[in-house]
Every structure is written in C-alpha cells, then in structure tokens.
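Working notes, beginning with the structure itself.
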C-alpha cells in the first residue's frame with residue numbers, strides 16, 4: 001500500500017515520462033522489454049520479450065520486474081531467484097532511484113547460496129530496471145518493505161546499486 | 001432613567017440568554033494535546049496514544065511549518081519546500097528523496113487523518129528544510145529547531161560474538177566521549193551533540209538488556225552486574241566499540257575515559273584476520289551431497305590459521321571458531337579491533353548453471369571514480385551554500401569511499417597473489433580477480449579480499465572440498481599467497497631488502513592508484 005502511494009507520487013513527479021502523451025497513462029501497449037538471465041558463461045545475457053505495459057512508467061516498472069522473476073522463456077535457462085520470490089512493490093523516485101521490494105519465504109528465511117549466484121540475482125534486477133527505464137539510474141533492493149543488508153550474505157544492499165557491465169556477457 | 005435601566009436589564013438578560021444558548025466548546029483534553037514549538041512560536045497540536053505509542057497529527061504539524069499533507073492513493077504524501085515524503089499505515093518506513101525514513105512503528109489513521117511517530121518529522125524535516133525535531137515526552141513538547149550541523153548521527157548495533165557482546169556505535173563524525181561504569185550499566189557520554197536514533201530499545205543479548213538515549217548519553221543497561229567492558233574506537237567510519245563480557249566487577253561510578261588515540265603501529269604485516277564465511281543458521285550454499293558452506297569454510301580456515309601462524313610467525317585471528325552467526329559488519333569490526341593488517345574472507349561458491357567450476361577472488365568495488373568526482377563537485381558546490389545534514393551525510397559517505405580507495409590498490413595486489421597461487425598450486429580453474437560490492441569487505445581498514453575456493457554446487461568440486469588433500473593444497477596456496485604479498489609489500493615500503501631474484505608477482509591491472517605508503521593506523 002505504501003509502495004503504491006509512492007508509486008503514484010513518483011509518477012506524478014517524474015520529469016520525463018516514457019510517453020509524451022500524458023492523457024494515455026492507463027493505456028496498455030505491448031512493447032519489447034529486455035530481461036537479464038544467467039547464461040552458460042556465468043554472465044547475464046539479454047532476452048527480449050513482448051509485454052503489455054501501461055504508459056505510466058511507475059506501473060510498468062512493477063510489471064517488468066515481475067516478468068523477470070518469471071524466468072527465461074528458454075526452458076534450458078534456470079531461474080536465478082528462488083522460485084518463491086515475489087515482487088511486493090516497486091517505485092521510482094524523481095532522483096532516479098528505483099526501489100524494488102522483494103519478498104517470499106526463501107528470502108525471508110535466509111537464502112543459502114554463493115556469492116556468484118547472489119551477484120547474478122541482484123544484477124539481473126539492476127540491469128533489467130536500468131535498461132528498460134532510462135530514468136532509473138540506480139536500484140535499491142528492499143526485502144519485505146525493509147532495508148536489507150544482503151539477499152544471501154554477500155552483496156551489499158544498504159545502498160542503491162549502479163548498473164555494471166561487469167556482470168553482462170558482451 | 002427607569003427606561004434606560006430597563007433597556008440595560010433587557011440587554012444584560014439577553015446576553016445571559018445568548019451565552020446560555022451558545023454551543024459549549026468541548027473541554028480541552030490535555031491527554032490528546034501537545035505543544036509544537038517552532039520558530040513561529042508555540043502551537044497546540046493533536047496527539048493520539050495507541051498501544052503505548054504516541055502519534056502526532058501529521059497534517060497539523062506539517063501545515064504549521066508551511067507544508068501540507070494530502071491523501072495519495074492508499075497512503076499519504078507530505079510536501080514541504082518542494083520535498084515530498086510518502087508514508088502509509090502499513091509500513092514503519094516512509095520514503096523521502098532516495099532514502100527511507102525509519103519510524104519505530106507504522107503511522108495510523110484516526111478519523112481519516114494521518115498520525116505519525118515523531119521520528120517521521122525528524123527524518124522528513126532534516127531533508128526538506130534543514131530542521132530537526134525532538135520530542136520531550138515529559139513536557140509534551142515537539143520541538144522543531146534548526147538541525148545542529150555539528151550533531152553527529154549515531155547508530156547502535158549489538159551482537160554476541162563468541163560470548164562477547166559487541167556494542168558498536170557508528171557515528172557520522174568523530175565525537176569526544178567518555179565511558180562511565182554505573183551499577184548495572186555503562187554510559188557513553190558524548191561531549192558534543194548527537195542525533196539519537198531512538199529513545200530506548202530492548203536488546204536480545206545475554207549481557208545487554210537495553211540501550212537508551214538520554215540527551216547526549218547512551219545508557220547500556222546490563223543483564224547482570226558483573227559485566228566488564230573493553231572499549232576502543234575505530235576510524236573510517238568513526239565507531240565506538242564496547243566489548244562486554246562477564247567478569248570481575250569494576251568499582252561502581254569509576255569513570256573510565258578512553259584514550260583518544262592509540263600508539264601508531266609499526267608498518268608491515270603482523271596480524272591477519274581470517275573470516276570463515278557464514279555460520280550458525282546462515283548456512284551459506286549447500287552442495288548436492290549436502291556439504292554446507294559454513295562447515296567447509298570453518299574447517300578450511302582453522303587449517304589456514306594454523307599454517308599462517310606456523311609459517312609466517314604472524315598473529316592470526318578467526319572471526320569465528322565455531323558454528324555461530326557473526327554479523328557481517330562485526331567481522332570487519334573484529335579485524336579493525338585487532339589492528340589487522342590483512343583481512344581474508346573464505347567462501348565456497350554456488351551457481352545454478354551446471355558445470356560451473358573454478359576459483360575466484362574478489363576485492364571491494366565502490367562507485368566508479370568518475371561518480372566520486374561528480375559527487376565531490378556537487379558537494380563542493382553544496383558547501384558554498386550549506387544545505388544541512390543531508391549534504392554533510394553525503395560528504396561523509398564520499399570521504400568514506402575515498403578512505404576505502406586507499407586500501408583498494410593493496411587489496412587488488414592481495415587478491416591477485418591469492419588467485420595466482422590458487423591456480424598454480426591447486427590446479428583449479430582460475431575465474432580471475434574480480435570486484436564486487438560485498439558487504440563483508442565494507443568497513444575493513446586494511447587490504448581485504450574474499451576468496452571463492454570452488455563451486456560447492458558442482459559435485460566434483462564438492463568432493464574436492466571435502467577431501468583432506470584438496471584442503472591441504474588450498475591452505476598451501478593461500479599461505480604462499482599471503483607470504484608472497486607480505487614480502488612484496490614489506491619490500492615496497494622498505495622494511496625488507498629486495499631479493500635479487502626476479503619476483504613472480506604480476507602487477508595488478510586495477511585499480512590504478514600507484515602511490516603506496518606504509519599502512520599504519522591510529523586509533524584502532
């Protein structure tokens with residue numbers, strides 16, 4: 001609920017909405033989005049998918065992030081996040097910080113995985129958000145609506161993360 | 001005369017009648033009122049009490065300061081000086097700019113109006129107008145005043161590490177202080193203003209019952225009277241640490257001022273902290289055969305510690321030597337406490353991609369240097385027109401990043417030596433030296449690296465990790481790497497004569513910092 005409120009505020013404050021047509025905020029249009037999944041070379045690879053998105057970027061952010069958590073359309077590419085992970089809310093602030101609030105039993109109880117997998121998970125979100133939403137310059141990940149230290153004991157989530165090409169296959 | 005008197009009597013009687021018929025104003029209810037004390041003067045505001053918490057009518061307070069609070073969707077937004085904060089009744093966190101406002105409890109709505117804990121105003125005003133808010137519960141006064149730019153923010157963490165309760169006070173700026181032992185408590189008395197994060201908080205700790213702020217004092221209430229403390233301070237960021245453990249009682253009331261600085265240490269590598277990743281309920285990754293990362297790292301680190309002590313004659317400290325949870329920030333706090341010259345965190349890797357294998361070594365990544373430069377320029381401009389604590393906080397963050405940069409070059413060299421020796425001695429595939437924003441490396445005031453020995457999720461490598469022979473080769477590799485780095489470093493700073501044999505060290509590619517100076521630390 002809080003996030004919804006913030007979402008609305010954020011969308012109202014944005015200087016450059018994706019659509020120039022401000023009368024079409026609720027219009028849903030199928031558009032290509034770029035999602036990042038882990039490839040065989042242990043780096044993130046792009047996957048383009050057509051998704052119905054509202055013109056309002058704040059609303060679209062939530063949908064794109066949920067689309068990422070659905071996993072790759074290629075059955076051979078395993079999901080990065082635990083299967084029970086959910087996107088609780090998303091919001092985009094006028095200064096370019098996107099907040100992604102994740103939840104689910106595994107993340108709540110403590111995800112037991114290594115640093116590589118955690119890096120892939122975190123940066124799949126960071127790269128997906130910043131690639132599809134040019135106004136999003138950095139991404140802060142929350143867990144259950146609260147600041148999280150890490151997802152699995154490694155990657156520092158106490159600050160917003162900038163996109164990094166280091167984790168993406170060329 | 002009689003007529004005049006009659007008219008006067010009628011007028012008086014009418015006035016009495018009107019007074020009698022006028023609606024009686026509701027009697028003031030002091031329990032639901034408080035005073036807002038701001039630059040414009042005092043004003044009565046509405047408060048509410050629920051479940052032991054006091055809430056303030058957000059719309060009244062913000063309007064009194066020249067802003068507004070409006071409903072927005074299912075939440076509310078507060079606006080003041082073109083700064084917008086969002087909050088709702090389902091979360092104890094509000095959002096302002098790119099940061100969160102932490103409140104002890106979530107706001108509530110009463111008669112469709114938003115009521116918030118006073119900490120909301122503290123978090124919002126300081127960003128919106130350079131103002132601060134404090135709540136005097138006894139006097140029932142919510143005071144809004146210019147934020148003291150000299151007031152240092154403080155956060156408190158309490159964790160029990162191997163029987164010792166570590167109370168870490170992290171401050172946004174160095175602050176003089178003294179520590180006083182009282183019956184059943186220690187009090188940290190800050191000599192300049194601080195911004196307390198809360199009034200009182202219960203602690204789930206065997207030695208610490210609760211922590212509470214009274215003015216500029218932090219009172220640490222003990223569970224039993226015979227708890228003794230070692231206190232010291234750490235730099236970058238400035239921290240005051242109290243290690244509390246059960247022991248002989250100190251004479252009550254004896255002030256125990258802490259030395260502001262400690263002797264400068266001699267340069268060179270004398271103390272190494274080895275960090276077995278994970279522990280306790282934080283099991284880390286689990287192999288297909290059931291091997292837990294926390295067990296594999298502890299076994300390996302115990303052997304590594306023994307080997308380093310035997311071969312290098314250095315002091316080696318483990319951040320944990322049993323199956324317990326050690327918070328990430330406490331791990332580097334331990335390294336800083338022991339004046340460690342190197343910090344090495346040992347982990348086992350995991351991947352969902354089948355067949356992932358090999359070793360990799362990380363050191364800390366920070367924001368790109370151009371980002372730092374950009375922020376420095378912004379802050380330089382901001383400093384010409386002081387923008388209050390928000391800018392100050394950014395400045396501290398940047399300075400902290402820059403302080404970390406000092407160690408990155410050495411961390412890079414350490415990581416390079418580790419990765420090369422791991423590849424050379426164990427034969428495991430090298431996945432290279434990398435940088436990542438790993439939490440456990442943040443805050444280390446010494447060269448620090450995190451080694452991913454092998455992929456525990458790979459059945460072949462899980463078997464290797466279990467084997468005595470592989471563990472021995474990994475220990476050999478890491479010991480050789482540390483020895484190589486130690487010799488290289490001590491040669492570069494001039495305390496070891498260079499050997500005529502051509503070094504095998506490969507100069508690291510990044511970061512590009514070239515100046516190397518002896519890494520001596522004070523005050524740790």
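Using the alpha-carbon positions of region B:112-181, Rg (one decimal) and Dmax (whole number) come out as 16.3, 50 Å. Using a/c under 1.5 as the rounded threshold, could you call region A:94-170 rounded, prolate or oblate? The axes a ≥ b ≥ c are square roots of the C-alpha gyration tensor eigenvalues, and prolate needs a/b larger than b/c, oblate otherwise. Oblate, since a/c reaches 1.5 and b/c is not below a/b.
With a ≥ b ≥ c taken as the square roots of the eigenvalues of the C-alpha gyration tensor of region B:445-487, please select rounded if a/c is under 1.5 and otherwise prolate if a/b is larger than b/c or oblate if it is not?
Details: a/c = 4.26, a/b = 1.78, b/c = 2.40.
Oblate shape, in that a/c is at least 1.5 and b/c is the bigger or equal ratio.
If you take the square roots of the eigenvalues of the alpha-carbon gyration tensor of region B:155-249 and sort them as a ≥ b ≥ c, do you get rounded (a/c under 1.5), prolate (a/b over b/c) or oblate? Mind dumping the intermediate values first?
Values: a/c = 1.59, a/b = 1.42, b/c = 1.12.
It is prolate, given that a/c is not under 1.5 and a/b is the larger ratio.
Counts of other chain beta carbons within 10 angstrom of each beta carbon in peptide B:436-445 average 5.
Coordinate-derived values only; no laboratory data. If you're wondering where the values come from, they're calculated on a predicted model, not measured in any experiment. Note: ideal-geometry Cβ built from the backbone for every residue, glycine included; neighbour counts use all protein chains shown.
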